[in-house]
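Peer 1: Have a look at the structure that comes next, please.
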């Protein structure tokens, strides 16, 4: 069987994505989900009731093996896990107007190992939470309620990641799903209450008749054998009548519940964000709508981009550390500390030459003594 997913998403967009206000998608109310459920089942009641009846009969037949210790219980859950996942996929396809065939009930066996592991993990986690108290187990069962449908829409996700994503999706929405389911299953309490009232009336009438028959004394324990045939007939007839009524209600109500849960699943996906991730990354994130999302029309945006400041233009471009220096700008010299420019006096250097040379002392920085020079001239003249 081939299922056209694009057609189903078009059908979904007619109902789910019509709940828009501005850019934000609002979740449907319980009454709106019920209306969409009826619309999904319109023309498909025969397929829905037939699929539900077949699934119920198969599970009842397989449950017979529970009388076999250990092995029977294991065999039941090995079959029931993938089969229940296939039934969930069947009604999910039905809610999307994909017209599945009856054989699609067994689609959970195509990926047997993956679906069996998912069913076992959901059962173990729910059971462990139920050990604390009954209410935590019920709450967690709603947290894991989206797991099987996530497995269908994302064939690459692992069972544990599907459970984790289901918990994230149902965060803050468990009460809403509980109210949706309760809006359907409250009908089951009516025949149960009626049969309880009829049983009490039958027991009281039989006891009163027995007390009148034994008017001398009344002993409750001795009167039980006298009223037991009447009570037994009423009880047996009432029991089978209650089973027939409950079976009829189950065939009528349970398809609506499963389709409504599928509609809830698609509505939750469309309104709270995009779920999924890259299979190569191994993580699955949730993108939700931000709180500061504006409503109404989008304000106009100027198509002209803002002017960008021009970068400085250099005629002589160089590479390296001095590439960003403008040659037109003369850099200021760095201030250097003042130093004494007076050269130190050099010592007298005596230069040795050959025998015909003399040693002379050179003192370029020492001033010449003019008085001594004049006296030498006078002595030379006198001689």
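Peer 1: How many nm is it between the label spots at residue 204 and residue 70, if each spot is 7 Å from the Cα in line with the beta carbon?
Peer 2: For residue 204 paired with residue 70, the spin-label model returns 5.1 nm.
Peer 1: Still on this structure: Give, in nm to one decimal, the length gained when the segment between residue 189 and residue 130 is fully stretched (0.36 nm per residue of separation minus the Cα-Cα distance). Working shown, then result.
Peer 2: On the way: separation 59, 0.36 × 59 = 21.24 nm, distance 2.34 nm.
The span from residue 189 to residue 130 would gain 18.9 nm if fully extended.
Peer 1: Once fully extended, how much extra length lies between residue 111 and residue 139, figured as 0.36 nm per residue of separation less the alpha-carbon to alpha-carbon distance?
Peer 2: Working: separation 28, 0.36 × 28 = 10.08 nm, distance 2.81 nm.
Net length gain for the segment: 7.3 nm.
Peer 1: Provide, as a two-decimal number, the C-alpha radius of gyration of region 41-97 over 2.2 N^0.38 Å, N being how many residues it has.
Peer 2: Working: Rg = 13.8 Å, N = 57, 2.2 N^0.38 = 10.2 Å.
Normalised by 2.2 N^0.38 Å, the Cα Rg of region 41-97 equals 1.35.
Peer 1: Still on this structure, I have one more. Taking the Cα-to-Cβ direction at residue 31 and at residue 236 and moving 7 Å from each Cα, how far apart do the two end points lie in nm?
Peer 2: In this crude label model, residue 31 to residue 236 measures out at 4.8 nm.
Peer 1: Which ordering of 168, 173 is given by a fewest-first count of other beta-carbon atoms within 10 Å?
Peer 2: The most exposed by this proxy come first: 168, 173.
Peer 1: Here's something else I'd like to know. Tell me, 112, 79 in order of fewest to most beta-carbon neighbours within 10 Å? Working shown, then result.
Peer 2: Details: 112 13, 79 17.
Result, fewest neighbours first: 112, 79.
Peer 1: Just subtract the alpha-carbon distance of residue 197 and residue 243 from 0.36 nm times their residue separation and send over the number in nm, one decimal. Write down the numbers at each step before the final one.
Peer 2: Values: separation 46, 0.36 × 46 = 16.56 nm, distance 1.60 nm.
Residue separation times 0.36 nm, minus the Cα-Cα distance, leaves 15.0 nm.
Peer 1: Please quote Rg/Rh for region 53-176 to two decimal places, taking the Kirkwood radius as Rh and restricting both calculations to Cα atoms. Before the final figure, lay out each step's value.
Peer 2: Working: Rg = 15.0 Å, Rh = 15.3 Å.
That ratio equals 0.98.
Every number here is computed from the coordinates shown, using simple stated rules; none is lab data. The model shown is predicted, which means the values in this text are computed figures rather than measured ones. Positions of Cβ are generated from backbone atoms using ideal geometry, with glycine treated the same way; all protein chains shown enter the neighbour counts.
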